[in-house]
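Presented below is the structure to which this report refers.
What follows draws every value from the coordinates through simple rules; no lab data is involved. Since this is a predicted model, take the numbers as computed values, not measurements.
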């Protein structure tokens, strides 16, 4: 019998609860992997690419947040300069919308950083 040259030479051991192990096995099978080891190997080999994408996404979100913040500042200046009631409600609504978008972006950044 020929030795299997593709066989790994080292072993990695991970402790998990029965529920975790079952969940991992279910996820691996649902993703098309025959074994949990193949699933983990695939995850670990692609982790560096995911991290690069994550960093790129964070940078884009931060730039977007800064831009929306500048727009909000401009709207705030316009709202302050309005002396009459005309147009004030529109500017106020736009400011609220900008603040809502900023909050959503902050939430996305916090989730990605986890």
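Annotation: Cα Rg of the stretch 11-73 relative to the compact-globule expectation 2.2 N^0.38 Å equals 1.75.
For the stretch 18-113, the fraction of alpha-carbon pairs lying more than 21 Å apart is 59 percent, rounded to a whole number.
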